[in-house]
1. Could you say which residue among Ser241, Ser286, Ser280 is in the same structural domain as Ser360 (by TED's automatic domain parsing), surrounded by fewer than 17 Cβ atoms within 10 Å (Cβ to Cβ) and either closer than 23 Å to Ser321 by Cα or touching an Asp or Glu at 6+ places or on another chain (Cβ under 8 Å) (or both)?
2. Could you tell me how many of the residues in the stretch 210-236 are out of contact with any Ser or Thr (no Cβ under 8 Å at 6 or more places or on another chain) and either surrounded by 17 or more Cβ atoms within 10 Å (Cβ to Cβ) or in a loop (DSSP other than H, G, I, E, B) (or both)?
3. Of all residues in the stretch 133-142, which are buried (at least 16 other Cβ atoms within 10 Å of the Cβ) and over 18 Å from the mean Cα position of the chain (by Cα)?
4. Before we move on, is Phe326 among the hydrophobic types (A, V, I, L, M, F, W, C), assigned by TED's automatic domain parsing to the domain that holds Thr173 and touching a helix residue (DSSP H, G or I) at 6+ places or on another chain (Cβ under 6 Å)?
5. List the strands (runs of 3 or more DSSP E) that sit entirely inside the stretch 4-56 and contain at least 1 residues that are surrounded by fewer than 18 Cβ atoms within 10 Å (Cβ to Cβ).
6. Regarding Asp237, is this residue under 30 Å from Lys431 (Cβ atoms), in contact with a Lys or Arg (Cβ under 8 Å, 6 or more places away or on another chain) and at pLDDT below 95?
7. The conditions are (1) over 18 Å from Tyr349 (Cα atoms); (2) acidic (Asp, Glu); (3) not in a loop (DSSP other than H, G, I, E, B), and Glu279 fails exactly one of them. Which is it?
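The values are calculated or read from the model by the stated rules, or taken from the named source; none is laboratory data. Please read all numbers here as calculations on a predicted model, not as lab measurements. With ideal geometry, Cβ positions are generated from the backbone for all residues, glycine too; neighbour counts draw on all protein chains shown.
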Amino acid sequence: MLRTHTCGQLTAADSGKEVILCGWVARRRDHGKLIFIDIRDRYGFTQVVFIPKESGEAYKSAQELRSEFVIKLTGIVNKRPAGTVNAKLQTGEIEILAKDLEILNPSLTPPFEIEETAQITEEMRLKYRYLDLRRTRMFSNLALRSNLYKVIRAYLGSLDFIECETPILTKSTPEGARDYLVPSRLNSGKFYALPQSPQLFKQILMVSGIEKYYQIAKCFRDEDLRADRQPEFTQLDIEMSFVNEEDVFALSEGLMKSILKELKNIDIQTPFKRISYQESMQKYGSDKPDLRPELKNDFAFCWVVDFPLFKFNDEEKRWESEHHPFTAPAESDLENMGRSPDKVKSRSYDLVLNGMELGSGSVRIHRQELQEKVFNIIGIEKEEASKRFGFLLEAFQFGAPPHAGVAFGLDRLLAILSGESSIREVITFPKTSAAFCPLTSAPSDVEKNQLKELGITIKGGK
């Protein structure tokens, strides 16, 4: 290591030690015969003082320092003089008396101050995201994401779940939003799709006998964006065999309880309140009710259940699935399947937190005859079903167990946990509301020869 300590580590107990620190110059103050800097790394800040009579060469080099220079310095830990202690910092009782200074890399003048209080446009922050991420708040958000993943893996691992990865390049199986398509060079005229979710693969994993699956999965949807949407997002995907709704509720509530305790030191009460879709719409005017005023709490969880299985598309004059066509109907409504689709409730459920849909799932259809009934109601003929979902339907013929699952939007959960109003604040390199990346200028033009290899012509393009 180039350093002996981090910039957030030293205290009065280290007085008299010779130390080496590495980091960025956060601030520089020239008092004539004294130069002070604050050196910063991911762990915090440490004040350093350069005195000509103590080390002339280091003092001379310090005169060149500017904001965001990367430096390495050697010095002695001293207690700060009386009246100069900064109680807000872990290192606020000490300062480093510099002996040697090495400028590892200079920096251009940053386009904005790396300060928590700096007023910066989002476009500017995203264009220079590597500078934005140096700020304490942004680093804290990324650290929170990392810690959330640790809690998830520990909790599900303790319950014997297996973490399985599923393909990113897959078949287009529309699930309510537009697919992102990827042309295949080796199979001219054909396309992969980026997954909107791992839905079909996780059900196949249940047929495979995995029984308990999870994945922290990247998902892609080409839809209009807002504060809680991005073209690519992260969800915790879970599926289990030989279970019903109650098992999914118990698992999910235990996970959320563990997350809030580990990350926020907050004890939440379980089981969560359950509200039918009809009651939620009548009482709150929304299927995502915010129960904080009446409840457990700055973190008000509830389950919304008994959704309709079907909805009528007035424009196309046909029934379609409220969630997806593999959602099981309520057993008490099976007799209404053929004659009154509007009266059929589903075995689906949404987990809502503070008025935001945090997760959604359902008990799945695993019997072929029931699946065919659902397809018939929503107008999917056998040929079309085979074309869209053939690989899953074929797998179901080889002993599909009863199974159910749920998926949680981790970006949304992190925004709530961190107190941010937009999921862009908890994503390392997000896109703007126009699905554009100011850092890389993606999406962008590509070379003509790339398009030619793929057999693609841009209509009206140059």
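1. On the way: Ser241 fails: surrounded by fewer than 17 Cβ atoms within 10 Å (Cβ to Cβ); Ser280 fails: surrounded by fewer than 17 Cβ atoms within 10 Å (Cβ to Cβ).
So the residue among Ser241, Ser286, Ser280 that is in the same structural domain as Ser360 (by TED's automatic domain parsing), surrounded by fewer than 17 Cβ atoms within 10 Å (Cβ to Cβ) and either closer than 23 Å to Ser321 by Cα or touching an Asp or Glu at 6+ places or on another chain (Cβ under 8 Å) (or both) is Ser286.
2. Our first condition is that a residue be out of contact with any Ser or Thr (no Cβ under 8 Å at 6 or more places or on another chain); within the stretch 210-236, this holds for 213-214, 220-224, 229-234, 236.
Next, from what is left, pick out any that are either surrounded by 17 or more Cβ atoms within 10 Å (Cβ to Cβ) or in a loop (DSSP other than H, G, I, E, B) (or both): 213-214, 220-221, 223-224, 229-231, 233-234, 236.
Qualifying residue count for the region: 12.
3. Arg134, Arg135 - these are the residues of the stretch 133-142 that are buried (at least 16 other Cβ atoms within 10 Å of the Cβ) and over 18 Å from the mean Cα position of the chain (by Cα).
4. Details: among the hydrophobic types (A, V, I, L, M, F, W, C): yes; assigned by TED's automatic domain parsing to the domain that holds Thr173: yes; touching a helix residue (DSSP H, G or I) at 6+ places or on another chain (Cβ under 6 Å): no.
No; evaluated as a whole, the condition is false for this residue.
5. Details: elements: 18-30, 35-41, 44-50.
Where strands (runs of 3 or more DSSP E) fall fully within the stretch 4-56 and carry at least 1 residues being surrounded by fewer than 18 Cβ atoms within 10 Å (Cβ to Cβ), they are 18-30, 35-41.
6. Values: under 30 Å from Lys431 (Cβ atoms): yes; in contact with a Lys or Arg (Cβ under 8 Å, 6 or more places away or on another chain): yes; at pLDDT below 95: no.
For Asp237, the condition - under 30 Å from Lys431 (Cβ atoms), in contact with a Lys or Arg (Cβ under 8 Å, 6 or more places away or on another chain) and at pLDDT below 95 - is not met.
7. So the condition that Glu279 fails would be (1).
Yes/no matrix, rows are residues, columns are (1) buried (at least 16 other Cβ atoms within 10 Å of the Cβ); (2) not in a strand (DSSP E or B):
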residue	(1), (2)
Pro81	no, yes
Val85	no, yes
Gly92	yes, yes
Glu95	yes, no
Ala98	yes, no
Ser107	no, yes
